[in-house]
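Data first, discussion second: the structure below is written as structure tokens.
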Amino acid sequence: MPRHQRSQQLHLERASRRDFLTVCGTAAGVGAVTLLSGTVPAVHAGEDHTIRLALIGCGGRGSGAVKDAFSVANGPVELYAMADIFENRLQSSRKILSEMYPQQVNVEGRCFVGFDAYKHAIDCLRPGDVAMLTGYAAFRPMQLEYAVSKGINVFMEKSFACDPVGVRRVIAAGKAAQEKNIKVAAGLQCRHSVNRHELIRRIKDGELGEIISVRAYRMEAVGPLGPKPADVPELFWQIRNFFRFFWVSGGLFSEMDIHQIDEICWIKDSWPVRAHGVGGRVANSVDRSQNFDSYFAEWTFPDGTQGIDVVRYASNCYNHFATYIHGTKRAAQFSGAVHVGTVRIFKDQRIEEDNILWEAPKEQLTPWQAEWANLFDAIRNDKPHNEAERAALANLAAIIGRAAVHSGQIVTWEEAMQSQFTFCPNIDQMTAETPPPVLPDERGFYPVPIPGQWKEV
């Protein structure tokens, strides 16, 4: 299954007792690193022009990113190290990738488990190699900082931070990377879609007229979080079910809709000045997570125009996945289901199949492949390539929309940029023994935002 389709499988695999005992019974149980096999060989920069990858975060998203990287390599590329908090995830990914790419997976002696495993994986790399930060957003800022400090190129998946403090860390690390000529790619793959770039060109040429509004939709069912098994440690339960908890991922809205929000900002060619919105949960919800079932967020841009994102995760409802643009002359479609480059210009404002004026052809490379093709080209030909700040600002746009819905207040860009709010102040020191940042009530339900009372900026 392609990586973009796996992102649609929003229900997480339930971690079994064995899974968690595997983690808690190793050095990860005290926050240390376990080397799964062999010893770490000395690493020397070679002259073979091979780009080595270290996969840090071995779930479906990370494994899919390795496949995308292998599919577009314009020179030798190999998976050289792996790291994850969960041993079973690492071993599963290693098995699958080794069977698919036996000549390109070379991780013997370089598989690490634990909260500090990322450091050991990055330490296996040379300048010119790539650290793949594809795990949990909570840990992304410090992992990016470490890779940059070691002079290693980075591919980092979304989302990039959970809160304003994390956003500023990503921005600062990106600036440090720029000074060192370190390449940083960010997993907002739609920015690498040739079809979308063509539509942006046509917009700038005035084919749509002045842009009046942009509206995005991500309406798809997400199953509820069930009760935690009694023998599963609370901290690991929350990390494994990452998008259910704000401190791990920023929550569903920030984690998933960052793509739609980034598209809105790209189309507007600016960042919003403020956001407001509404949201809530269905009556008698059995979902134990922190997320709302629905979000409606509106961002206002410096020119006074608005962009909106309509989100619903409730089951048995109308689903829709697309981004639309309305100008003074006509409308356009910017994105299709599951981020496919479905790009169209319509004759007028009607979004209808029989009203298409122009439609882009099918893309030769998927956006997920294109982002890797561009990164490898930048590395091999020493071209500028640093998406850290842009990615972080897209993340901030998502955060102010989320905060506005959760708080029931207008949240400004400047307010968020200056905010000292963080969901997990001790994230850098987290070990398996760290108390969870949130705890369930007596029924096993976790804190859900109450508009008018909640604050996260």
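Rounded, prolate or oblate: which fits the range 346-388, taking a ≥ b ≥ c as square roots of the Cα gyration tensor eigenvalues, rounded meaning a/c under 1.5, else prolate when a/b beats b/c? Prolate shape, in that a/c is at least 1.5 and a/b is the bigger ratio. Is the C-alpha gyration tensor of the range 149-226 telling us rounded, prolate or oblate? Criteria: a/c under 1.5 is rounded; beyond that, a/b larger than b/c is prolate, otherwise oblate. Oblate shape, in that a/c is at least 1.5 and b/c is the bigger or equal ratio. The chymotrypsin sites (Phe, Trp or Tyr not before Pro) of the range 303-377 that meet both conditions, a loop assignment by DSSP and at most 13 other Cβ atoms within 10 Å of the site Cβ, are Y318.
Fully extending the segment from D428 to A230 would add 68.5 nm, taking 0.36 nm per residue of separation and subtracting the current Cα-Cα distance. Compactness check for the range 253-394: Cα Rg over 2.2 N^0.38 Å is 1.23. For the cross-link pairs K150/K455; K67/K362; K204/K347; K180/K268; K183/K329, the ones whose C-alpha atoms lie over 28 Å apart are K150/K455; K180/K268; K183/K329.
Relative contact order of the range 82-233, please, whole-number percent, based on alpha carbon pairs below 8 angstrom and at least 6 residues apart.
Reported relative contact order: 15 percent.
The share of Cα pairs per 20 Å bin across the chain, counted from zero up to the longest distance, runs 25, 58, 16, 0 percent. Among the trypsin sites (Lys or Arg not before Pro) in the range 272-345, those placed in a DSSP loop whose Cβ has at most 16 other Cβ atoms within 10 Å are R281, K329.
Given only helices, namely DSSP H runs of n ≥ 4 each adding -39500 (n - 2.57), what is the per-residue ellipticity at 222 nm of the chain, to the nearest 500 deg cm²/dmol? Rounded to the nearest 500, the figure is -10000 deg cm²/dmol.
As a length-normalised measure over Cα pairs under 8 Å and 6 or more apart, the relative contact order of the range 149-253 settles at 27 percent. Going from the residue with the fewest nearby Cβ atoms within 10 Å to the one with the most, W454, W247 rank W454, W247. Computed on the chain, with alpha-carbon pairs under 8 angstrom and 6+ residues apart, the relative contact order is 19 percent.
What ranking do M82, M219 get, fewest neighbouring Cβ atoms within 10 angstrom at the top?
M219, M82
Scoring 132-138, 439-445, 73-79, 146-152 by mean Cβ neighbours within 10 Å over their residues and listing the highest first yields 132-138, 146-152, 73-79, 439-445.
Please give the FRET efficiency for A283 paired with L439, using the beta carbon to beta carbon distance and R0 = 30 Å, rounded to the nearest 0.05.
Details: r = 25 Å, r/R0 = 0.82.
Calculated value: 0.75.
Extending 7 Å from Cα along the Cβ direction at A176 and again at E352 yields two label points whose distance is 5.6 nm. Specify the inter-centroid distance of the range 62-78 and the range 395-457, based on alpha-carbon positions, in whole Å. Between the Cα centre of the range 62-78 and that of the range 395-457, the gap is 35 Å.
Amide hydrogen proximity for F155: with H placed 1.01 Å from N in the peptide plane, the residues at 5 or more positions away or on another chain lying under 5 Å are A131, M132, L133, A185. Summarised as an ellipsoid, the range 186-315 has semi-axes of 34, 16, 12 Å, derived from the eigenvalues of the Cα gyration tensor scaled by 5 and square-rooted, with the largest first.
Just so you know, all these numbers are worked out from the coordinates, no wet-lab data involved. Keep in mind that this is a model prediction, so the values were computed, not measured. Using ideal geometry, Cβ is built from the backbone for each residue, glycine included, and neighbour counts are taken over all protein chains shown.
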